[in-house]
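The values are calculated or read from the model by the stated rules, or taken from the named source; none is laboratory data. It should be emphasised that the depicted structure is a prediction, and the values quoted were computed from it without experimental measurement. All Cβ positions, even for glycine, are placed from backbone atoms using ideal geometry, and neighbour counts span all protein chains on display.
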Amino acid sequence: MTTKTDFTAEEWEQLLEAPMSIAMYIAVADPSVFGSIKEALSVAKNIAKKSKESSTELLGAILADFQDKETAKKAQPEFESKDPASIKQEVLDEIGAVVTILDEKATAEEASEIKSWLYQVAVDAANASKEGGFLGIGAVRVSDEEKAALADLAGALGVEA
């Protein structure tokens, strides 16, 4: 069983930043002001929901850290670029690092659960608001750009899309 103490402070920070980074990836895939707000809020909803479900001790520790406002604030990723393509690449690089950390330090069950949860964060973000259309007419729940982003994230996480 893996615990928080098995990770360096930097590794733990990367694990905590991953959900918000993933939501950012979805947001920049098909940007809109209101959509981005809803996508960011979907992460908080996902964390609150998942915290109530049973999970491995490691995922439980990650979720528990989000209950502390200061820790949650520190989990906001900072991107060097403001360019959407660069942000997407930074997120994919970060997710690759998180996957490596999980594969090296967590049990296979824990790593699988966290990767699946992170992908669910992406799915929830993509489904958080309708995209396109005019006044909701002709809008779709998940745009083609978001579908492509979900596929990218599934590949980076090594999970089924």
- Limited to the stretch 95-128, what total is found for residues that are more than 15 Å from residue 62 (Cβ to Cβ) and among the charged types (D, E, K, R)? 3
- Query: From the list 105, 88, which residue is within 14 Å of residue 15 (Cα to Cα), of a type in the set (Lys, Arg) and surrounded by 12 or more Cβ atoms within 10 Å (Cβ to Cβ)?
  - Reply: 105
- Query: What number of residues within the stretch 68-80 are in a helix (DSSP H, G or I) and either hydrophobic (A, V, I, L, M, F, W, C) or touching a helix residue (DSSP H, G or I) at 6+ places or on another chain (Cβ under 8 Å) (or both)?
  - Reply: 3
- Note on the structure: Out of (1) surrounded by fewer than 22 Cβ atoms within 10 Å (Cβ to Cβ); (2) closer than 25 Å to residue 142 by Cβ, the one residue 19 does not meet is (1)
- Query: Counting residues that are under 24 Å from residue 87 (Cα atoms), which helices (runs of 4 or more DSSP H) fully inside the stretch 1-67 reach at least 2?
  - Reply: 9-29, 33-52
- Return yes when residue 48 is surrounded by 17 or more Cβ atoms within 10 Å (Cβ to Cβ) and either under 18 Å from the mean Cα position of the chain (by Cα) or under 25 Å from residue 142 (Cβ atoms) (or both) and no when it is not. no
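Just to be sure, is residue 36 touching a Gly at 6+ places or on another chain (Cβ under 9 Å) and either surrounded by fewer than 13 Cβ atoms within 10 Å (Cβ to Cβ) or at pLDDT below 95 (or both)?
no
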- Query: Is at least one residue of the stretch 42-53 touching a residue at least 24 places away in the same chain (Cβ under 8 Å), touching a strand residue (DSSP E or B) at 6+ places or on another chain (Cβ under 9 Å) and closer than 24 Å to residue 129 by Cβ?
  - Reply: no
